[in-house]
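The values are calculated or read from the model by the stated rules, or taken from the named source; none is laboratory data. Bear in mind the structure is a predicted one, so any value in this text is a computation, not a measurement. When we count neighbours, we look across all protein chains shown, and the Cβ atoms used for this are built from the backbone with ideal geometry, even at glycine. Note: areas computed on protein heavy atoms with side chains; ligands, DNA, RNA excluded. Shrake-Rupley method; radii C 1.70, N 1.55, O 1.52, S 1.80 Å.
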Amino acid sequence: MDAPVVVITGASSGIGEATARLLAGRGARLVLGARRTDRLEALAGELGGEVRTLTTDVRRREDVAALVDLAVEAFGRLDVVVANAGVSRIGPLDEQTVDDWDAMIDVNLRGVLHAVAAALPVFRAQAAGHLISIVSTSGLKIVPEQVVYAATKNAVRTLSEGLRQEAGPHLRVTAISPGFTATELVDAVEDPELREQYRARMAELGMPADAIARAVAYAMDQPPGVDVGEIVVRPTAQN
Ligand code: NDP
């Protein structure tokens, strides 16, 4: 693909940031969204080249629509959306609140739906496009304390496969399931004891975020008629 135009949500840290770095190094034109605009701008400054940023809260459909519009305005097309923004609220169901569940549903599921709603008309008009969503191995092997998180990720996996079947041959759809990846994801865990447990597991097991960025690049690198539906990338030590 020649200098693809790629929208990445949640590009201010972790997997989204690593993906932006890898793709920028390969000459992609990038449109980066997240809430922490200072981090997005610092990243864009470091990357140089053709990078745009926009303050984006994926819970707001108009923000995600504006991110997609920016890609088309700035670069004339949209080749790939990496729906990466996500949050994790870890804890047993009977200790979590409905607000915890809503937080994950709103970002991890509704946020991806907002990207689908914004990008599909552009992909249809171009007769080409690629939606890459970052799901999780938590959805493949269900474990305690991550139940609603896993449910949101499996909902996106279902969405991805359904979209593939509905959309027709112009659309490529990929769901990437990372295992433990060393990022800021667990910093938001509220229970201090649980947070330290997960931080320790991340430090022991976590892959660099670049491992997932390479999976994104692999899916993008296939010829237009070839769709990589699912990729699972785990640390070798993860059971
Ligand atoms: P980080 O916490 O480092 O990154 C999460 C990103 O999501 C940040 O850029 C954050 O940006 C963004 N984000 C969160 N809420 C919103 C929002 N409402 N609107 C826009 N952006 C938002 O963690 P990771 O890099 O690990 O997470 C990336 C994806 O990978 C997530 O979907 C996560 O579930 C998934 N994943 C991670 C795994 C891991 O072990 N790390 C394993 C499996 C999947 P900001 O706060 O600036 O808005």
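Quick notes on this structure:
- The range 97-154: radius of gyration over Cα atoms, expressed as a fraction of 2.2 N^0.38 Å: 1.36
- Whole-number percent relative contact order across the chain, with pairs defined as alpha carbons under 8 Å at least 6 apart: 20 percent
- Cα-based Rg and Dmax for the range 5-45, where Dmax is the largest Cα-Cα distance (Å): 8.9, 25
- Calculated on the alpha-carbon coordinates, the convex hull of the range 2-127 measures out at 101 cubic angstrom per residue.
- Ranked from largest to smallest solvent-accessible area, with a 1.4 Å probe on the protein heavy atoms, 8, 105 come out as 105, 8.
- Among 40, 67, 163, residue whose mean-square fluctuation peaks in a GNM of the chain (springs only between Cα atoms under 10 Å): 163
- Take the Cα of residue 127, step 7 Å toward its Cβ, do the same at residue 74, and the gap between the two points is 2.8 nm.
- Accessible area of the chain belonging to carbon and sulfur atoms, whole % at 1.4 Å probe: 51 percent
- As computed over the chain, the Cα convex hull volume per residue (Å³): 115 Å³
- Alpha-carbon Debye profile of the range 152-191, log10 I(q)/I(0) at 0.19, 0.27, 0.28 Å⁻¹: -0.69, -0.93, -0.96
- Using the Cβ-Cβ distance between residue 141 and residue 38 with R0 set to 41 Å, the FRET efficiency works out to roughly 0.65.
- Radius, Kirkwood style, for the range 88-196 when every pair of distinct Cα atoms is counted (Å): 15.0 Å
- Loop-exposed GluC sites (Glu not before Pro) per DSSP, neighbour cap 16 Cβ within 10 angstrom, longest uninterrupted part of the chain: 96-183
- Projection of the Cα convex hull of the range 61-135, averaged over all directions and equal to a quarter of that hull's surface, yields 5.3 nm².
- Long-range amide H partners of residue 177 with built H, under 5 Å: 135, 231, 232, 233
- Rounded to whole numbers, the Karplus 3J(HN,Hα) couplings from phi for the range 17-32 are 5, 4, 5, 4, 5, 5, 5, 4, x, 9, x, 5, 9, 10, 10, 10 Hz, using 6.51 cos²θ - 1.76 cosθ + 1.60 with θ = phi - 60°, and x at Gly and Pro.
- In order along the range 94-104, phi translates into HN-Hα couplings of 7, 10, 7, 9, 4, 5, 4, 5, 4, 4, 6 Hz, rounded to whole numbers, per the Karplus curve 6.51 cos²θ - 1.76 cosθ + 1.60 with θ = phi - 60° and x for Gly and Pro.
- Estimated inter-spin distance, residue 55 and residue 97, nm [label 7 Å along Cα→Cβ]: 2.5 nm
- The average projected area of the range 16-71, computed from the convex hull of its Cα atoms over all directions, is 3.4 nm².
- Remark on residue 10: its backbone amide H falls under 5 Å from those of 33, 34, 85, a criterion applied only to residues 5 or more positions apart or on other chains, H modelled at 1.01 Å from N.
- Model label sites at residue 217 and residue 201, defined 7 Å from Cα along the beta-carbon direction, differ in position by 2.9 nm.
- GNM remark for the chain: springs join alpha carbons under 10 Å apart, and the peak mean-square fluctuation among 176, 15, 142 falls on 142.
- When only alpha carbons of the range 168-239 are considered, Rg and Dmax amount to 15.5, 48 Å.
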